[in-house]
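The values are calculated or read from the model by the stated rules, or taken from the named source; none is laboratory data. Small disclaimer: the values here were computed from a predicted structure and weren't measured. Here the Cβ is made from the backbone with ideal geometry for all residues, glycine too, and neighbour counts use every protein chain on show. These accessible areas exclude ligands, DNA and RNA; they are computed on the full protein's heavy atoms, side chains included. Shrake-Rupley method; radii C 1.70, N 1.55, O 1.52, S 1.80 Å.
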Amino acid sequence: QVQLVESRGGLVQVGGSLRLSCAASGSGFAFNFMGWYRQAPGKQRELVATIISGGSTNYADSVQGRFTISRDNAKNAVLLQMNSLKPEDTAVYYCVLNTYLQTYWGQGTQVTVSS
């Protein structure tokens, strides 16, 4: 019923910025939270940031102060603004939507931070 389409990631230099977006298909569904996970080579998938229906946000300690998550309610989209990027931010980033009854995942997009 619901599909998530992520924007392309990219290659960025250390200290640079990148914005990811994820748009959900369908309409009229209630969401519990939306967010982003990432998985680096040889690592487990980890939470990056979430935003709940009431607007509160949560961030991993490793990205606190550098990343900002936000929503575009009209477009059923979630955005992740990534600033001051570090090589350790290199990973495949997955958006996620939870509608109370089911969790949906995006296809994943590669973010590579050089140097």
Can residue 6 be described as open to solvent by 70 Å² or more (accessible area, probe 1.4 Å), closer than 17 Å to residue 110 by Cβ and among the acidic types (Asp, Glu)?
no
Residues being under 13 Å from residue 93 (Cβ atoms) and open to solvent by 50 Å² or more (accessible area, probe 1.4 Å): count how many of those fall in the stretch 14-40.
3
All but one of (1) outside any loop (DSSP other than H, G, I, E, B); (2) over 12 Å from the mean Cα position of the chain (by Cα); (3) charged (D, E, K, R) hold for residue 43, so report the exception by its number.
(1)
Since residue 88 meets every condition but one in (1) surrounded by fewer than 18 Cβ atoms within 10 Å (Cβ to Cβ); (2) assigned to a strand (DSSP E or B), which condition does it not meet?
(2)
Any chance residue 81 is outside any helix (DSSP H, G or I), open to solvent by 40 Å² or more (accessible area, probe 1.4 Å) and in contact (Cβ under 8 Å) with a residue 60 or more places away in the chain:
yes
Does residue 11 fit the bill of being open to solvent by 60 Å² or more (accessible area, probe 1.4 Å), within 17 Å of residue 114 (Cβ to Cβ) and touching a residue at least 40 places away in the same chain (Cβ under 8 Å)?
yes
Among the residues of the stretch 58-77, which ones are outside any strand (DSSP E or B) and either open to solvent by 50 Å² or more (accessible area, probe 1.4 Å) or hydrophobic (A, V, I, L, M, F, W, C) (or both)?
60, 61, 62, 63, 64, 65, 73, 74, 75
Could you list, in sequence order, all residues of the stretch 1-40 that are of a type in the set (A, V, I, L, M, F, W, C) and assigned to a strand (DSSP E or B)?
4, 5, 11, 12, 18, 20, 22, 23, 24, 33, 34, 36
Quick one: would you say residue 43 is in contact with a strand residue (DSSP E or B) (Cβ under 7 Å, 6 or more places away or on another chain) and surrounded by fewer than 19 Cβ atoms within 10 Å (Cβ to Cβ)?
no
